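The values are calculated or read from the model by the stated rules, or taken from the named source; none is laboratory data. On a predicted model such as this, the values are computed, not experimentally measured, just so you know. Cβ placement follows ideal geometry from the backbone for every residue including glycine, while neighbour counts extend to all protein chains displayed.
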Amino acid sequence: MRMRRGDPDAVAAVIRRHARALHAFIYRHVRNEADAEDLLQETWLRMIRNLDRFDPRYTFS
């Protein structure tokens, strides 16, 4: 899988696809835009750092 190999285009595509929904989910819990943005960015960083653990047999979302 391209994302698991660290392909920047594949990673960017996943982020684009899920960013809005994930931001809304986080914001509903923290009710602060700055905190939501920080948590969203931390989420993406953790995803990127752990790409080698991603199992393509399961859905990403």
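Without any contact (Cβ under 8 Å) to a residue 60 or more places away in the chain, among the basic types (Lys, Arg) and loosely packed, with under 10 Cβ neighbours inside 10 Å: does that describe Arg4?
It is false that Arg4 is without any contact (Cβ under 8 Å) to a residue 60 or more places away in the chain, among the basic types (Lys, Arg) and loosely packed, with under 10 Cβ neighbours inside 10 Å.
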- Message: Under 6 Å between Cβ atoms, which residue pairs at least 6 apart in sequence (or on different chains) link something in the range 38-61 that is assigned to a loop (DSSP other than H, G, I, E, B) with a partner that is of a type in the set (A, V, I, L, M) and surrounded by 10 or more Cβ atoms within 10 Å (Cβ to Cβ)?
- Response: Pro56/Met1
- Query: Consider Tyr27 against the criteria (1) more than 13 Å from the chain's Cα centre (by Cα); (2) touching a residue at least 24 places away in the same chain (Cβ under 8 Å); (3) surrounded by 13 or more Cβ atoms within 10 Å (Cβ to Cβ): it satisfies all of them except one. Which criterion is unmet?
  - Reply: (2)
- Task: Determine if the range 13-23 includes at least one residue that is in contact (Cβ under 8 Å) with a residue 40 or more places away in the chain, surrounded by 14 or more Cβ atoms within 10 Å (Cβ to Cβ) and out of contact with any strand residue (DSSP E or B) (no Cβ under 8 Å at 6 or more places or on another chain).
- Result: yes
- the range 1-11 - residue that is at pLDDT below 95 and in a helix (DSSP H, G or I) and, of those, nearest to the chain's Cα centre (by Cα): Val11
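Just for the range 23-43: of the residues that are out of contact with any helix residue (DSSP H, G or I) (no Cβ under 6 Å at 6 or more places or on another chain) and among the hydrophobic types (A, V, I, L, M, F, W, C), which one is farthest from Met3 (Cα to Cα)? I'd like the intermediate steps shown before the answer.
Within the range 23-43, the subset out of contact with any helix residue (DSSP H, G or I) (no Cβ under 6 Å at 6 or more places or on another chain) is 24-25, 28-29, 31-35, 37-38, 41-43.
Those still in the list that are among the hydrophobic types (A, V, I, L, M, F, W, C) too: 24-25, 34.
Details: Ala24: 24, Phe25: 23, Ala34: 28 Å.
Per the criteria, the residue is Ala34.
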- Message: Against the condition assigned to a helix (DSSP H, G or I), in contact with a Ser or Thr (Cβ under 8 Å, 6 or more places away or on another chain) and not hydroxyl-bearing (Ser, Thr, Tyr), how does His29 come out, does it pass?
- Response: no
